[in-house]
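Before any comments, here is the structure.
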Amino acid sequence: MSAILTPTHPAYRPQNLHYGKFENTTDAEWAVLGKHNLAYAAPFTLSVLPEEEEDDGVVVHGPLLSNVPSYDGSYFTRNFTILGGEGDGEYGRWLRLVIRNETSGIRGVLTWRR
């Protein structure tokens, strides 16, 4: 699997940057772009949790190969839940990934609809 996380805010996307044409741009302009982007690729595994758990399972991405060198070789672990009512034709069309920061206790939730 791979992920490319790129901001949409114009301040983080200098419009005068063209890859391969570096002569009219500065390292500082490229640094703005690099500071606000994350890309990685990795194999992944899925595990199903027991039915009494809140989430349906766990997905693990890793070992990572990333544009951020400190992430290389690391693993991302996310709980997942497949959402939608079974009788309404929506079951399986929604996926929720839960990200928990062990240090701060902050919980992030990403939800996708197919």
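Identify, please: which residue in the range 43-53 is open to solvent by 100 Å² or more (accessible area, probe 1.4 Å) and not in a strand (DSSP E or B) and is, among those, modelled with the lowest pLDDT? Checked the range 43-53; the qualifying residue modelled with the lowest pLDDT is E52. Scan the range 54-73 residue by residue and report those that are open to solvent by 30 Å² or more (accessible area, probe 1.4 Å), touching a strand residue (DSSP E or B) at 6+ places or on another chain (Cβ under 8 Å) and part of a loop (DSSP other than H, G, I, E, B). Residues satisfying the conditions are E54, D56, N67, V68, D72. Against the list (1) modelled with pLDDT of 90 or more; (2) out of contact with any Phe, Trp or Tyr (no Cβ under 9 Å at 6 or more places or on another chain); (3) basic (K, R), the condition K35 fails is (2).
Inside the range 19-42, can you point out the residues that are open to solvent by less than 100 Å² (accessible area, probe 1.4 Å) and either closer than 19 Å to V98 by Cα or part of a strand (DSSP E or B) (or both)? Matches in the range 19-42: L38, A39, Y40, A41, A42. Considering (1) at pLDDT 90 or above; (2) surrounded by 10 or more Cβ atoms within 10 Å (Cβ to Cβ); (3) not acidic (D, E), the lone condition that I4 does not fulfil carries the number (1).
If I ask for residues that are of a type in the set (S, T, N, Q) and more than 30 Å from H61 (Cβ to Cβ), which ones from the range 21-39 would you list? So that I can check it myself, show each step before the final result.
So the first thing to find is which residues in the range 21-39 are of a type in the set (S, T, N, Q), and the list is 24-26, 37.
Hits for the range 21-39 are N24, T25, T26.
Can you pull out the residues in the range 10-60 that are under 20 Å from W94 (Cα atoms) and aromatic (F, W, Y)? Answer for the range 10-60, where residues must be under 20 Å from W94 (Cα atoms) and aromatic (F, W, Y): just F44. Going residue by residue through the range 104-113, is there one that turns out to be at pLDDT below 75, open to solvent by 90 Å² or more (accessible area, probe 1.4 Å) and aromatic (F, W, Y)? So far as the range 104-113 goes, yes, one or more of its residues are at pLDDT below 75, open to solvent by 90 Å² or more (accessible area, probe 1.4 Å) and aromatic (F, W, Y).
The values are calculated or read from the model by the stated rules, or taken from the named source; none is laboratory data. What you see is a predicted model, and the numbers here were worked out from it, not measured in a lab. Here the Cβ is made from the backbone with ideal geometry for all residues, glycine too, and neighbour counts use every protein chain on show. The area values use the complete protein model at the heavy-atom level, side chains included, leaving out ligands, DNA and RNA. Shrake-Rupley method; radii C 1.70, N 1.55, O 1.52, S 1.80 Å.
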